[in-house]
Amino acid sequence: MALQSPENRLWWREPIARGELMWIIIAFLWGLFMFFMMIYWHLEGKQNLSPESYRVDPENYLARAEAWAEKYKIGEEGDTGYPVVAPPPGGDAYIVARTFEWWPVLQLERGQSYRLHLSSLDVQHGFSLQPVNMNIQVHPGLEHIITITPIESGVFSIVCNEYCGLGHHVMTGRIRVVEPGQGGAALPGQGG
Amino acid sequence: MATATGEVGVIAGIAARFRSCPVTGLKVDLAAERLIKANAVAAVVFLAIGGILGLLVALTRWPAVHLLDADSFYLVLTAHGLNVLLFWIIFFEIAVLYFASAVLLNCRLATPQLAWLGFVLMVVGALLTNWAVLQGDSTVMFTSYVPLKASPNFYLGLILFAVGALIGCAVFFGTLVIAREERTYEGSVPLVTFGAITAAIIAVFTIASGAIILIPTWLWSLGYIAHIDSLMYKLVWWGMGHSSQQINVSAHVAVWYAIAGLLLGAKPLSEKVSRTAFFLYILFLQLACAHHLLVEPSLSAEWKVFNTSYALYLAVLGSLIHGMTVPGSIEAAQRRNGYTRGIFEWLRKAPWANPAFSAMFMSLVFFGVIGGISGVVLGTEQLNIMMHNTLYVPGHFHGTVVTGTTLAFMGLTYLVLPLIFRRRVVWPTLAKWQPYLFGIGAAGISLFMLGAGTLGVSRRHWDITFSDALLTFDYAPAAHLMLGLNGIFAILAAVGGALYVIITVATVLFGEKVDEKNALAAIGPIPTRVAETGSSKNVAEHGSEGLFHLPGTYVLITVFFAAFVLYYFVNWKYLSELWPMS
């Protein structure tokens, strides 16, 4: 048995039974398939995380994000004090992660692409877009740029899903997606 | 000579004292036996602590109960991870290493004094880290991602614990050398020892990764180093964090073979195949720090794909092989015992009343179905974006580490108690039900966390209703249901876990002494050999091809594989509906 040395000292010369061999071959091929599936999706799939990222000084990142928000601000989110920023389709969109907020609120148009910039000013945070369920890690000192295309309109929330301190559970943000051509129009449904 | 001690094997003036085991006939080095006991006892103590903390976590996640306040929740969650994932499991694994070397190879343990030093370091380290967490200034979670900073004692405790574990590995390797030198066994080492060697090799790699990152982080917490890069920390830390879970896989697969061997006389179908599967672990399981870095900035897709798939899923191949050969060896043994009717008589008539067997078989099934399939899906580069840092992640690793490793170790305990502690398990009826309570409870915990994670619920999160957040949000109502069910199954698992601790402690203290007369009875019900029928002869000895016929195993493996493939493609379907990104 498995607790004793093999009875046959030349155990490596024993042939393998057919059923066992079949399973090994199936399992190996399945592994190969799953491996190439990831590569296939890079070529044909539409959901691949961008590798584009840069080292960045948090202060520099914040300054750029604030200047950008000033330029494209269209109002405030209810009485929360958060600016709502509507960047032009195809343009840059910044989100600043810091304990314990995602800043600012974005307003995007359905079907348009945006270059979304993500970085943290302090510790690691988890960008979790709900209920879409897209989850991306955010590091301090690294600026990650992802081209995203919202395909449904509505109000979406950003939850922090990387533990970042004792206020982790109040760290939320918001992305509004409006119908094409309505960017910059009056804010739908204040608050939420 | 049954329980008498005698002096054997005098080398370089060191006298080792042995007794011989009345059940297995193995020679047991008394120094090894004492160390196995000490490590096993420490393991159970930390399981009890970590288990209670885990129950508190689950009861806080249950929205209707929401037991702890936020600060306590995060503190308790940090301590839960450390106590069960590190301290319980590694103490038990050190016991397994000493068993698989000294006991199985009929050998004296190398340098017992050094082994005790390692044990003391592990105990001191575990206590120091726990103390640091209880102070409240080290609530950084098990992963302690920089730049979150814990107190220096948090890291120092982990470092001491790791050094102690490393000494344990060194003693294990030393014992293998002695066994070879003194020719205490014939031919190759047993398969179980081979599995333990796999675990120990991975452990050395793991502990080295831990040292590389935890020592600078400790110095950083003391102020001697100005900056630790958050991404580099994470990459190296997971060289420890994920690889250490591969020690568990290797160890509990070895335990599966050991329990099946002891209770049923099961032999590996093919020594060559089973050993190759372990060897694949050694070669490829160390990869996989990428599992936690798939949605990280700045790492290339090529590296992610190669690392997350363990090269070409070659380590997964190892597990898929064990997943067939372990039930296959049980079926072959049972058919040899005469249970040859139909496809599943061998399984129906297995010793389900023996807690060692039921724990082992549930561990095998749950590890494969819950932990294994979810792990491969979670570790697929693009699919990870739907699950990263959601409750899917703890759902997956409770499937592997709780229903897999912990349940297997619980099963082994029911054999360690009579054979090493030489005490008969008290309250056999309770012991019979214990693995079912714990196994089903833990499987429920895993499944409902997987479900909540699929709905997007964040892990390590105190309040999923976001009642204090400025920008409000609420998860789908089904998520609340999932977390309620998670709480109920956590209670079930906690009852099972508490029974395990109570039965073990009571047996060690008050169990009836085991000697050669009652030794066989003390290991619990085992299948009786029924009359030889014609077809039972069709089951050959291990390794001889073409003779054995294992229809039951083929049915089980086909069902498993179909579920795996289906679930894999369902997730790609979900992914294709996500917002396009590049």
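The values are calculated or read from the model by the stated rules, or taken from the named source; none is laboratory data. This one's a predicted model, so the numbers in the text were calculated from it and none came from an experiment. Glycine gets a Cβ as well: all are built from the backbone with ideal geometry, and neighbour counts include every protein chain shown. Just so you know, the surface numbers come from the protein's heavy atoms only, side chains and all, with ligands and any DNA or RNA stripped out. Shrake-Rupley method; radii C 1.70, N 1.55, O 1.52, S 1.80 Å.
Remarks
- Accessible area per residue was computed with a 1.4 Å probe on protein heavy atoms; B:Thr406 scores about 10 Å².
- Restricting segment B:39-89 to chymotrypsin sites (Phe, Trp or Tyr not before Pro) that sit in a DSSP loop and have at most 11 other Cβ atoms within 10 Å of their own Cβ leaves nothing.
- Karplus (6.51, -1.76, 1.60) ³J(HN,Hα), θ = phi - 60°, over segment B:284-295, in Hz, Gly and Pro reported as x: 10, 5, 5, 4, 6, 5, 5, 3, 9, 10, 6, 10
- In order along segment B:75-85, phi translates into HN-Hα couplings of 5, 5, 5, 4, 5, 4, x, 5, 5, 8, 6 Hz, rounded to whole numbers, per the Karplus curve 6.51 cos²θ - 1.76 cosθ + 1.60 with θ = phi - 60° and x for Gly and Pro.
- Per-residue extension of 0.36 nm, minus the Cα-Cα distance of B:Leu283 and B:Glu512, leaves a gain of 78.0 nm for this segment.
- On Cα atoms only, tilt of B:428-454 relative to the major axis of chain B in degrees: 30
- Among B:Gln245, A:Ala65, B:Ser72 - extreme Cα towards positive end, dipole of the protein assembly as shown, charges at beta-carbon: B:Gln245
- DSSP loop GluC sites (Glu not before Pro) with at most 13 other Cβ within 10 Å excluded, longest remaining stretch of chain B: B:187-515
- Taking every residue in A:114-124 and counting other chain Cβ atoms within 10 Å of its Cβ, the average works out to 2.
- Working value for segment B:336-380: equivalent-ellipsoid semi-axes of 29, 13, 6 Å, each the square root of 5 times a Cα gyration tensor eigenvalue, largest first.
- Both radii were evaluated on the Cα set of segment B:158-288; the Rg over Rh quotient, with Rh as the Kirkwood radius, amounts to 1.08.
- Counting only other chain Cβ atoms within 10 Å of each residue's Cβ, the peptide B:323-333 averages 2.
- Excluding exposed DSSP-loop trypsin sites (Lys or Arg not before Pro) (at most 16 other C-beta within 10 Å), longest clean stretch of chain B: B:1-182
- Rounded to 5, the percent of DSSP beta bridges in segment A:66-177 classed as antiparallel: 70
- Largest to smallest accessible area among B:Thr198, B:Thr24 [probe 1.4 Å]: B:Thr24, B:Thr198
- Note on B:Arg180/B:Asp229: beta-carbon distance plugged into 1/(1 + (r/R0)^6) with R0 of 45 Å gives a FRET efficiency of 0.55.
- Label-to-label distance, nm, for residues given as A:Ile74 and A:Leu10 (7 Å Cα→Cβ offset): 8.0
- Label-point separation, A:Thr147 to B:Ser300 (7 Å along Cα→Cβ), nm: 2.1
- Per-residue ³J(HN,Hα) for segment B:196-211, Karplus 6.51 cos²θ - 1.76 cosθ + 1.60, θ = phi - 60°, Hz, x for Gly and Pro: 5, 4, 4, 4, 5, 5, 5, 4, 5, 4, 4, 5, 4, 4, x, 5
- The chymotrypsin sites (Phe, Trp or Tyr not before Pro) of segment B:201-284 that DSSP puts in a loop, and whose beta carbon has at most 11 other beta carbons within 10 Å, are B:Tyr224.
- FRET efficiency for the pair B:Leu566 and B:Lys37, taken as 1/(1 + (r/R0)^6) with r the Cβ-Cβ distance and R0 = 41 Å, rounds to 0.35.
- Placing unit charges on the Cβ atoms of the charged side chains and taking the dipole of chain B about its Cα centre, the candidate lying farthest along the positive direction among B:Gln334, B:Leu299, B:Val41 is B:Gln334.
- The shape of segment B:107-173 can be summarised by an equivalent ellipsoid whose semi-axes, obtained from the alpha carbon gyration tensor, come to 29, 11, 7 Å from longest to shortest.
- Binned Cα-Cα distances of segment A:1-125, short to long, each 5 Å bin given as a whole percent: 2, 8, 11, 13, 12, 8, 7, 6, 5, 5, 5, 5, 5, 5, 3, 1
- When the surface is traced with a 1.4 Å probe over the full set of protein chains, B:Tyr145 keeps roughly 20 Å² accessible.
- Residues A:Asp122 and A:Ala67, FRET efficiency given R0 of 22 Å [Cβ-Cβ distance, rounded to 0.05]: 0.60
- Å³ per residue enclosed by the Cα convex hull of the protein assembly as shown: 148
- Extended-chain gain in nm, criterion 0.36 nm per residue less alpha-carbon gap, B:Ala64 and B:Val505: 155.3 nm
- Dipole magnitude for chain B: about 1400 debye, using +1 per Lys or Arg Cβ and -1 per Asp or Glu Cβ, origin at the Cα centre.
- Taken as Cα centroids, segment B:59-106 and segment A:78-146 sit 36 Å apart, rounded to the nearest whole angstrom.
- Residues within the reach of a label modelled at B:Leu117 (point 7 angstrom out along Cα to beta-carbon, backbone nitrogen below 12 Å), restricted to segment B:139-172, are B:164, B:167-168, B:171.
- Between 0 and 90°, nearest 10: helix B:230-241 axis offset from chain B longest Cα axis: 20
- B:Phe99 accessible area, assembled protein chains, probe 1.4 Å, Å²: 40
- Residues B:Leu30, B:Leu219, sorted by accessible area with the largest first, give B:Leu219, B:Leu30 [1.4 Å probe; ligands and nucleic acids excluded].
- Here the extension length gained between B:Trp427 and B:Leu312 equals 36.6 nm, from 0.36 nm per residue of separation less the Cα-Cα distance.
- Theoretical ellipticity at 222 nm over chain A - DSSP helices of four or more residues, -39500 (n - 2.57) apiece, nearest 500: -7500 deg cm²/dmol
- The three principal axes of the Cα atoms in segment B:211-361 give end-to-end lengths of 68, 34, 25 Å, sorted in falling order.
- Longest to shortest principal axis, alpha-carbon extents of chain B, angstrom: 73, 57, 46
- Rounded to 5, percent antiparallel among DSSP beta bridges of the protein assembly as shown: 75
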